[in-house]
Every structure is written in structure tokens, then in C-alpha cells.
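Q: Sharing a structure below in C-alpha cells format, with a few things to ask.
Nothing in this text is a laboratory measurement; each read-out follows from the coordinates by a stated rule. What you see is a predicted model, and the numbers here were worked out from it, not measured in a lab. Positions of Cβ are generated from backbone atoms using ideal geometry, with glycine treated the same way; all protein chains shown enter the neighbour counts.
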């Protein structure tokens, strides 16, 4: 498989690459990645293991390497494919915004087509959870199982900082903070254990992505698609959630400061085969606060055959 090192990277992209490799090394992973052209996007992705396809979709920050612990655990039994969403990681910086529903189809569908993947289990974190759920609603025949971790798109509530960031002046401040402010926001808002092992490497990676040439402008252009002053703009409707027939796992950090637990409860009350796991002492980025528990729950869920022992019908009372 070609390596990013074989490509011509700008200085800022090289910093992203170096930070990504360091983060992967924390889980004893060698870099295994490539680029593909999917629709109008140039997508960088990681690819590990063999077996049934599982796609891990990150949220609105950093890139796919945030799943480093889960990649190491799941790739023992699955083919684990981890794209950098457009704008993030080493993927393309779109020069214009598009509606989230169109973006989901255009990006995820095309990406799977290019890789020759007809069907995969989808696991999404935060905004990646919205992408996974939206794709499942629109293309159920292409999704085997669905797992949502502190997912966006399940309610309108959103911290005021993100609502304000949809405005030009505040968006500039939000997307170009100094390193100390970036790290402080992480400690206060994203996790419950900011000093945990490996968070230093994650912060280096996340900030290198933020400093990547074109990133700040691309985020500012696209933020109004995600949020406005009323909160999240893209909420999956009740009937759409009821239409999801795949066995579904919803993981939620109880101390999530972005999206309230009521969003998770709504989801599992509507998804016919939905199961909720609340992670104690855990914030928004559950992959960092409870990496072992998240990996364990995902492994059990994805390995279930019929899933009868793993999935609770939330509508059964």
C-alpha cells in the first residue's frame, strides 16, 4: 500500500502526518494508509486488518487517528477502515459548503464505492455519528450494524460557543486559537481526564490539523451548515430513527458537555433494535476517556451473530 511519505506534502501536511504517526505508535500501530479520490474529495484513510468491514468515522476535530486504540483492538478480527473526513486530517479542504445530507451521501457513499465496499458496519463519534446514522437511514442495504458514540444529530442542543462560531467574527476566533487556548478547551470541555496517558500525542495531532493550511477557512465556511444560533441544524427525525432496523449500539459519556444524555435516550427509544450503554466518568471524546471500555463494547457488539444477547429493544418496555 502506498504511504503518505510517497506523496508530495506541504510543510503543514507533513506536521499532520508526523503527529498522526506518533499517535498511532502509542497503540503499537505502524502507519497503513493511502489516498483515494471519492466524488469531489481527496480522502486520506487508514486501513488495518481483514474480515468484515468496519468503518470508524471521527467527529469534528483532528482526524481518523483519534481511533488509534480502537483500531488496534478491532483490527484483530475485522477490516478496519478509518477515513479522515473532508476538512480534517490529511483529506481535502472543500472550498464550499454543502447540505449535510448531501455531503453524507456524496462523501461516504463514494468512498465506499471506490474501495469496493458494498456493506460495512458503521461506528461514528460526534458529527461522525450523524454521518453514520444519516447514511444508515438513506442506504440501509449498505449498513450491517450501527454504533453511535456521543453522536450529533439526535437533538438541537449545542453549547453556545458552537452556536456563536457560526457567526463570522466568532468563527475566526474559534478556528484559530493559540495552542494554550486549544488545550484548555480540551481539558474543560471534551474529556474528564485531560492528563490521561496519550492525550499529549492526541493534542499535538489535533493542533497540527488545526494549523494545516486551509483548515481554518474550510471550517468557517462549513460551520453554518452544522449549527446556527438555535443549535444543531441537522436532527434526524423520529420516523427516520424508527426506520433503522440494524442492531444499533449507542455509547454515551455521562459527563458529555456537548450533547446531553437526553439525546441518547431519544435515540434508543425510537431505534427498534437499539441498546444504550452509559459510560461513567466519561466526557465527549469517550475514545480517550474510556478507551478500553469503548473497544470492549464495540468488539462485543460487532462480533454478535444474531445480536440477541447484545441488543435490547428499547421499545419493549
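Q: For segment 4-303, what relative contact order do you get, as a whole percent, if you take Cα pairs closer than 8 Å and at least 6 residues apart?
A: Working: 595 pairs, mean separation 59.7, N = 300.
20 percent.
Q: Something else: More than 34 angstrom separation, counting every C-alpha pair in the chain; what % is that? Spell out each step's value before the answer.
A: Details: 6873 of 50086 pairs.
Here the long-distance tail beyond 34 Å is 14 percent of all Cα pairs in the chain.
Q: What share of the DSSP beta bridges in segment 4-303 is antiparallel, in percent to the nearest 5?
A: Details: 12 of 34 bridges.
Roughly 35 percent of the beta bridges in segment 4-303 run antiparallel, per DSSP.
Q: Taking only DSSP H segments of four or more residues, each worth -39500 (n - 2.57), what value at 222 nm results for the chain once the sum is divided by all its residues, to the nearest 500 deg cm²/dmol? Intermediate results must be reported in sequence, preceding the final value.
A: On the way: 14 runs with 121 residues, N = 317.
Computed mean residue ellipticity for the chain: -10500 deg cm²/dmol.
Q: Would you mind putting 36-44, 151-159 in packing order, based on average other-beta-carbon counts within 10 Å, highest first? Spell out each step's value before the answer.
A: On the way: 36-44: 18.3, 151-159: 21.2.
Top to bottom by mean Cβ count within 10 Å: 151-159, 36-44.
Q: Follow-up. Among 240, 300, which comes first, then next, by fewest other beta-carbon atoms within 10 Å?
A: On the way: 240 17, 300 12.
So the residues, fewest neighbours to most, are 300, 240.
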